[in-house]
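The values are calculated or read from the model by the stated rules, or taken from the named source; none is laboratory data. Owing to the predicted nature of the structure, the values given are computational and were not obtained by experimental measurement. Note: ideal-geometry Cβ built from the backbone for every residue, glycine included; neighbour counts use all protein chains shown.
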Amino acid sequence: SQQGEEDPQALSIQEGENATMNCSYKTSINNLQWYRQNSGRGLVHLILIRSNEREKHSGRLRVTLDTSKKSSSLLITASRAADTASYFCASGFTGTASKLTFGTGTRLQVTL
Amino acid sequence: EAGVAQSPRYKIIEKRQSVAFWCNPISGHATLYWYQQILGQGPKLLIQFQNNGVVDDSQLPKDRFSAERLKGVDSTLKIQPAKLEDSAVYLCASSLGLATGELFFGEGSRLTVL
């Protein structure tokens with residue numbers, strides 16, 4: 001079964017608006033990552049936030065992490081049509097069974 | 001730097017037939033992953049290799065799926081016999097090590113089972 005659930009499942013906004021996606025996970029993690037997937041393509045890594053961090057920025061991306069609530073959010077500011085894609089969170093834990101487990105994804109549509 | 005290479009990109013087979021997918025990871029990446037992504041869902045880990053050893057294959061349907069990574073470089077994933085529910089995209093990814101850092105994905109192999 002998948003580790004995370006994402007909300008909303010689909011999001012449609014206009015160019016220039018901000019897009020916020022939320023992710024919840026179930027077990028303790030070492031880090032949480034966000035990936036983007038364009039239609040018919042592989043996943044591309046966007047940003048990684050460690051369990052001892054609360055917020056991280058990368059260009060137009062802002063990620064927050066609340067380990068007490070086992071949740072994370074991804075904010076894309078000033079969205080562009082090229083941001084249209086599916087976005088997945090992935091929770092990572094390191095140990096005897098290190099693995100990265102993906103959520104269900106949010107489909108973002110940015111219209112002109 | 002070359003990315004993760006996968007082939008074939010598309011494959012259509014009938015149920016009960018067999019199929020094999022190939023993956024060549026980024027040079028120097030010790031960890032290799034095979035994920036299954038069913039339409040509309042997130043990727044699900046099938047098997048994870050560290051060099052040529054299996055780290056995790058707990059979600060691999062071993063009665064029909066097999067994977068190997070000979071010499072710790074490229075890998076093949078085989079399905080025999082295929083079922084209708086195996087229709088999915090099979091994604092290969094690699095990373096430098098086991099510390100669950102960034103994964104680099106290939107473009108995927110889309111399988112349709114009729």
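Cβ-Cβ contacts under 9 Å between residues 6 or more apart (or on different chains), taken from a first residue in the range A:81-94 that is crowded, with 23+ Cβ neighbours inside 10 Å to a second residue that is among the small types (Gly, Ala, Ser) and part of a strand (DSSP E or B), are listed as A:TYR87/A:ALA19; A:CYS89/A:SER24; A:CYS89/A:SER72; A:SER91/A:SER72. Tallying residues that are surrounded by fewer than 18 Cβ atoms within 10 Å (Cβ to Cβ) and either β-branched (Val, Ile, Thr) or closer than 11 Å to B:SER109 by Cβ (or both) within the range B:12-35 yields 5. Entry remark, the range B:64-110: residues being within 14 Å of another protein chain (Cβ to nearest Cβ) and under 19 Å from A:GLY42 (Cβ atoms) number 20 in total. Taken over the range B:64-84, the criterion of being crowded, with 17+ Cβ neighbours inside 10 Å and in contact with a Lys or Arg (Cβ under 9 Å, 6 or more places away or on another chain) is satisfied by B:PHE65, B:ALA67, B:SER75, B:ILE79, B:ALA82.
Looking at A:SER68, is it crowded, with 19+ Cβ neighbours inside 10 Å, away from chain B (no Cβ under 11 Å), assigned to a loop (DSSP other than H, G, I, E, B) and not aromatic (Phe, Trp, Tyr)? Spelling it out, it is not the case that A:SER68 is crowded, with 19+ Cβ neighbours inside 10 Å, away from chain B (no Cβ under 11 Å), assigned to a loop (DSSP other than H, G, I, E, B) and not aromatic (Phe, Trp, Tyr).
Within the range B:7-27, one or more residues are assigned to a strand (DSSP E or B), more than 11 Å from every other protein chain (Cβ to nearest Cβ) and under 30 Å from A:ALA10 (Cα atoms).
Rundown of residues vs (1) within 9 Å of another protein chain (Cβ to nearest Cβ); (2) over 26 Å from B:GLY106 (Cα atoms); (3) modelled with pLDDT of 95 or more, yes/no style:
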site: A:GLY16; (1), (2), (3): no, yes, yes
site: A:ASN31; (1), (2), (3): yes, no, no
site: A:GLY40; (1), (2), (3): yes, no, no
site: A:SER51; (1), (2), (3): no, yes, no
site: A:LEU61; (1), (2), (3): no, no, yes
site: A:PHE88; (1), (2), (3): yes, no, yes
site: A:GLY95; (1), (2), (3): no, no, no
site: A:THR101; (1), (2), (3): yes, no, no
site: A:VAL110; (1), (2), (3): no, no, yes
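Among the residues examined, A:ILE49 qualifies as of a type in the set (Val, Ile, Thr) and either over 20 Å from B:ASP56 (Cβ atoms) or surrounded by fewer than 20 Cβ atoms within 10 Å (Cβ to Cβ) (or both).
In the range B:44-63, the count of residues that are touching a Lys or Arg at 6+ places or on another chain (Cβ under 7 Å), farther than 27 Å from A:ASN30 by Cβ, more than 11 Å from every other protein chain (Cβ to nearest Cβ) and buried (at least 16 other Cβ atoms within 10 Å of the Cβ) is zero.
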